[in-house]
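Everything below concerns the one structure shown next.
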Protein chains: 2
Amino acid sequence: MILSLVAAALAAAQTAAPQPFADAVTPPGETRADTAETPATTGGWTLLVHGGAGTIRRDRITAEQDADYRAAIDAALMAGRAVLAKGGSALDAVQAAVELMEDDPLFNAGRGAVFTHDRTNELDAAIMDGRTRAAGAVARLTTSRHPVAVARAVLRDGRHVMLTGADADRFGADRGVEQMDPAWFATPHRREQIDEFLRREAGAKAVSSYDIDQKFGTVGAVARDARGHLAAATSTGGLTGKRWGRIGDAPIIGAGTYADDRACAVSATGAGEYFIRVGVAHEICARVRLAGESLQQAADAVMAEVLALGGSGGVIVAGPDGRSAFSFNTEGMYRGRLTSDGVHEVAIYNDE
Amino acid sequence: MILSLVAAALAAAQTAAPQPFADAVTPPGETRADTAETPATTGGWTLLVHGGAGTIRRDRITAEQDADYRAAIDAALMAGRAVLAKGGSALDAVQAAVELMEDDPLFNAGRGAVFTHDRTNELDAAIMDGRTRAAGAVARLTTSRHPVAVARAVLRDGRHVMLTGADADRFGADRGVEQMDPAWFATPHRREQIDEFLRREAGAKAVSSYDIDQKFGTVGAVARDARGHLAAATSTGGLTGKRWGRIGDAPIIGAGTYADDRACAVSATGAGEYFIRVGVAHEICARVRLAGESLQQAADAVMAEVLALGGSGGVIVAGPDGRSAFSFNTEGMYRGRLTSDGVHEVAIYNDE
């Protein structure tokens with residue numbers, strides 16, 4: 001299924017007339033002018049996705065890998081478009097886009113998630129509705145094929161916002177989310193990474209998750225639908241070698257994920273611990289709402305704050321007027337943008 | 001140990017000359033003027049604690065219960081004072097105050113925590129350093145006597161911000177946090193509450209945790225130390241009858257707990273799900289920092305937002321200049337304030 005979607009997406013990417021994407025990307029450490037944002041739309045829709053940020057450079061990626069990632073990002077855009085183009089909700093669109101990336105082993109979410117220190121795959125996800133600020137979040141899932149679908153079920157149930165562990169998998173199963181053998185999430189590439197991590201650690205070398213993967217592979221999507229409502233969703237396997245039941249920023253409402261129709265919808269990827277401390281997603285919304293900053297100004301300012309604390313990563317942001325922004329302080333971020341006005345962008349490096 | 005501390009605290013409370021506490025409490029739904037805040041201090045220290053908010057009315061509380069709660073709140077203030085008065089850090093002070101309340105069965109934190117739907121006690125806590133915005137959070141602990149001490153160990157370790165479950169208890173044990181038999185946390189009163197909850201649920205009646213306890217019993221502390229640094233800590237057993245590995249706002253950095261020397265330190269208690277969706281603690285700090293609001297204005301505005309979504313509860317707030325504020329939209333909040341300038345207040349009801 002993935003392969004055929006990827007093929008379709010590749011074809012779509014080739015026929016699209018992309019706008020100059022470089023206009024929408026902020027060089028690390030710089031703040032862009034307002035004019036760099038996409039124009040406001042009324043009645044139209046906007047979708048942005050990301051597949052992680054990090055030391056993603058042309059000299060480290062083969063032409064085939066480059067094409068695979070672009071196709072996968074585009075496939076996620078197409079999944080969201082299928083919802084938005086027929087008048088569907090932002091909430092449904094971000095879920096559809098993220099579910100597709102959860103299935104794709106290229107990304108650190110769902111299938112293809114990194115391994116914990118105990119050699120398990122533990123999955124975190126969140127989804128938020130900007131219209132009502134209802135939210136659902138899950139952490140440490142091990143059997144739910146689509147963690148974001150469990151998060152959506154939590155949102156729909158409404159009693160709690162955040163569920164964790166095997167209990168949360170059972171909650172998802174009860175509500176129809178497909179359950180898999182935990183082995184389904186494990187891929188050879190991620191197994192090699194945890195082996196390398198544990199080997200270095202045993203050698204008493206200081207080793208960070210980032211040393212191993214060189215990137216933060218969280219996936220996410222933000223959207224504005226034709227009714228003007230916003231939504232955000234994020235899903236991740238977290239950090240290679242994470243320990244002691246660690247939860248990162250992705251499922252923390254306000255850190256890795258936030259949506260508020262009064263301001264914007266944000267999904268983040270990066271060194272989660274810094275994103276939690278800064279409250280990245282909520283802080284971007286707060287700057288837009290309280291300080292009157294543009295999406296790009298707010299996103300750049302908050303990413304600069306993350307950098308000042310020692311962290312790196314990136315965010316995607318969508319606003320209620322159709323404007324949107326990317327901001328990241330790494331060498332690359334897998335990302336895409338699609339709008340009802342014909343904007344269709346897929347990019348990887350920070351000079352695109 | 002508790003009893004002697006309580007006795008000492010009672011004595012202290014009786015000898016203190018409390019300032020008119022009503023000045024510092026905001027009537028539900030109203031916004032206070034700036035002047036209602038305590039004056040700024042330089043070189044001095046400030047400590048606020050809370051022990052939960054809810055339908056806490058004189059006609060529901062015996063004179064003995066009233067006195068017990070006041071003594072327990074005052075004991076927490078004294079524990080923090082022991083740190084602050086000798087020049088200790090805000091971080092140490094809030095931990096000391098919260099640990100004392102975790103040991104006290106009167107509060108829904110540590111010993112005396114409410115029961116989950118599975119009849120277990122699962123403990124959440126967080127602590128944050130306003131100087132560095134370093135943070136530690138834990139959820140679903142079942143054996144660590146002082147969950148806030150495990151959160152502090154997470155902060156100190158620095159690799160992760162949030163740990164969960166049995167793995168987090170083990171992390172705490174490795175770092176010297178006292179481990180107990182899970183039965184230690186269970187009290188007869190809380191057992192009656194879960195029995196009543198499950199009985200009503202079995203009768204197919206709609207039952208909320210709040211119906212049972214009539215309050216949210218989270219505990220917390222915020223402080224400003226003599227060096228001008230801030231800290232916040234929160235600890236809770238969550239909601240009676242919570243299910244599926246639910247995590248509330250207390251351990252969510254930005255929701256129930258946040259500290260930032262540039263703005264304020266906040267600890268919350270209330271209907272956690274709403275506090276997560278609003279991002280209460282971070283939002284109060286954001287309003288102070290970005291919109292120039294006073295602590296009281298910001299706290300009142302955010303509590304009004306929680307109320308508008310359907311939630312209730314309260315917050316305690318301390319600022320870098322020694323100012324502080326309480327805000328709650330319930331009939332009572334167990335609370336106290338102590339400063340190096342001689343302010344010494346302990347209160348329960350919203351008309352105090």
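Just so it is clear, none of the values below were taken in a lab; they were calculated from the coordinates. All of these numbers come straight from a predicted model, not from anything done at the bench. Because the Cβ atoms are built from the backbone with ideal geometry, glycine has one as well, and the counts that use them run over all protein chains shown.
Structure above, values below:
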item: Chain B, relative contact order [Cα under 8 Å, separation at least 6], %; result: 27 percent
item: Dipole moment magnitude, nearest 20 debye, the protein assembly as shown about Cα centre, only Lys, Arg, Asp, Glu C-beta charged; result: 460 debye
item: Cβ-Cβ FRET estimate between B:Thr132 and A:Arg60, R0 fixed at 51 Å, reported to 0.05; result: 0.95
item: Number of Lys pairs (Cα under 20 Å; 8 or more positions apart or on different chains) in the protein assembly as shown; result: 6
item: Top of A:Gly279, A:Gly270, A:Gly136 by mean-square fluctuation, Gaussian network on chain A, Cα under 10 Å; result: A:Gly279
item: Charge tally in the Cβ shell below 11 Å around A:Arg58, where Lys, Arg are +1 and Asp, Glu are -1, A:Arg58 excluded; result: -3
item: Expected 222 nm ellipticity per residue - DSSP helices of 4 or more, -39500 (n - 2.57), all of chain A, to 500; result: -11000 deg cm²/dmol
item: Prolate/oblate/rounded label for region A:158-298 (Cα gyration tensor, a/c 1.5); result: oblate
item: Chain A: most fluctuating residue of A:Ala82, A:Ala263, A:Ala126 per GNM, C-alpha cutoff 10 Å; result: A:Ala82
item: Two-site FRET efficiency, A:Leu309 against A:His189, from Cβ-Cβ distance with R₀ of 30 Å, rounded to 0.05; result: 0.50
item: Label distances, nm, A:Arg58 versus same residue in remaining copies, Cβ-directed 7 Å point; result: 7.8
item: Relative contact order of region A:55-109, pairs being alpha-carbon contacts under 8 Å that are 6 or more residues apart, as %; result: 30 percent
item: Region A:129-216: trypsin sites (Lys or Arg not before Pro) falling in loop per DSSP and having at most 10 other Cβ within 10 Å; result: A:Lys205
item: HN-Hα J in Hz across region A:72-87 - Karplus 6.51, -1.76, 1.60, θ = phi - 60°, x for Gly and Pro; result: 5, 4, 5, 4, 5, 4, 5, 4, x, 4, 4, 7, 5, 5, 9, x
item: For region B:277-349: rounded, prolate or oblate by the Cα gyration tensor [a/c cutoff 1.5]; result: oblate
